[in-house]
């Protein structure tokens, strides 16, 4: 049987872009958005314990770069359901061959694309449109004491954000540089 989801491994080890296989007719289309068996067959953690929605009023809003440390490290499955975002991940796993490398991809309401973010990655996004909504599923419950972050413009990574950041929280603006974050 042909897979209802299309998994494309990106250059960062363990991270994937996930596209929907659309079954279209004159009504529109049907697609499976998640299947634990499909994720397991690619060696990915399918356990979803929490689903979150991030609504953003303004274009050029930045959220990130966040992650949770062990034993509360989490995987994320990101999808933009309204508008468009530039989604970015950084591999923070010291033993990984892609350690300290970043990757960015555009997720939009039109492309239905998702980004699978493994444990040990920092994650953030910038909105490319006003009134943008992002839905994401996580494998661990939010644990405030396990939350960490890296400043979005840390010179260690040289992330190329598509827009000049206009809106960002004080917390996200104040995360330390990676070299200082231990």
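Please treat every number below as a calculation from the coordinates, not as lab data. A quick note: this is a predicted structure, and the numbers were derived from the prediction, not measured. Every residue, glycine as well, gets a Cβ built from its backbone with ideal geometry; the counts of neighbours run over all protein chains shown.
When the chain is treated as a GNM with alpha-carbon contacts under 10 Å, the residue of 125, 55, 29 showing the greatest mean-square fluctuation is 29. As a rough footprinting exposure proxy, the listed residues 98, 127 were ranked by other beta carbons within 10 Å of their own, and the order from fewest upward is 98, 127.
Highest mobility in the GNM of the chain, judged by mean-square fluctuation with C-alpha springs under 10 Å and restricted to 62, 163, 23, is found for 23. Taking every DSSP helix (H) stretch of at least 4 residues in the chain, weighting each as -39,500 (n - 2.57) and dividing the sum by the residue count yields a mean residue ellipticity at 222 nm of -1500 deg cm²/dmol.
Given R0 = 30 Å, the distance between the Cβ atoms of residue 99 and residue 167 translates into a calculated FRET efficiency of 0.50. The stretch 1-79 and the stretch 93-120 have Cα centres lying 10 Å from one another. Among 135, 117, 18, the order by Cβ neighbours within 10 angstrom, fewest to most, reads 135, 18, 117. Sorting 17, 85 by the number of Cβ atoms found within 10 Å of their own Cβ, with the fewest placed first, yields 17, 85.
Shown is the FRET efficiency for residue 25 and residue 160, computed with R0 = 35 Å from the Cβ-Cβ distance and rounded to the nearest 0.05: 0.30. Each Cα pair under 8 Å and six or more residues apart adds its sequence gap; the mean of these over the residue count of the chain is a relative contact order of 28 percent. Using the Cβ-Cβ distance between residue 11 and residue 32 with R0 set to 25 Å, the FRET efficiency works out to roughly 0.45. GNM on the chain, alpha-carbon springs under 10 angstrom: the most fluctuating residue among 26, 87, 172 is 26.
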